[in-house]
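Every read-out reported here was derived from the displayed coordinates using simple, explicitly stated rules and does not represent laboratory data. Since we're looking at a predicted model, the values are computed, not measured. In this analysis, Cβ positions are derived from the backbone assuming ideal geometry, glycine residues included, and neighbour counts consider all displayed protein chains.
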Amino acid sequence: QVQLVESGGGFVQPGGSLTLSCTGSGIFFSVVHLGWYRQALGKQRELVASITTDHSTNYADSVKGRFTISRDNAKNTVYLQMYRLKPEDTAVYYCASGQYPTTLVIKPDYWGQGTQVTVSS
């Protein structure tokens, strides 16, 4: 059974930083593409960052230059480093995996349960 478990969410003031982690079990991260989605209250879930098996990355315009996605296949973990956080970054953040890059964007194969990030003064 595949499980993705996120951690690292919390409350932070505007301008602060957080690092999210997602560790997988029952799956080999080295052969799947990985991404971080987020869903704010009343909004659709959006893909904010993705990383392919060859470590190519892509970011949503709203987070480019502030967020960094990385992966450690040996630890079966994907990270999202978030800097200069803004109130509009407040959302539940989910990690996801896909067998193909298009799968990750259109309909991921697996999802984590989500971790709340709240940015507020």
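Each Lys and Arg contributes +1 and each Asp and Glu -1, all at the Cβ; summed about the Cα centre of the chain, the dipole is approximately 160 debye. Taking a straight line from the alpha carbon of K43, these aspartates and glutamates sit under 13 Å away, with near neighbours fewer than eight places off in the same chain left out: E88, D89.
Think of the chain as having a plus end and a minus end, set by charges on the Cβ of Lys, Arg, Asp and Glu; of T102, L85, Y59, L85 sits farthest toward the positive end of this dipole. A helix-only calculation puts the chain at -1000 deg cm²/dmol for mean residue ellipticity at 222 nm, using -39500 (n - 2.57) for each DSSP H run of at least four residues, averaged over all residues. Of the peptides 76-88, 58-70, the ranking by mean beta-carbon count within 10 Å, highest at the top, reads 76-88, 58-70.
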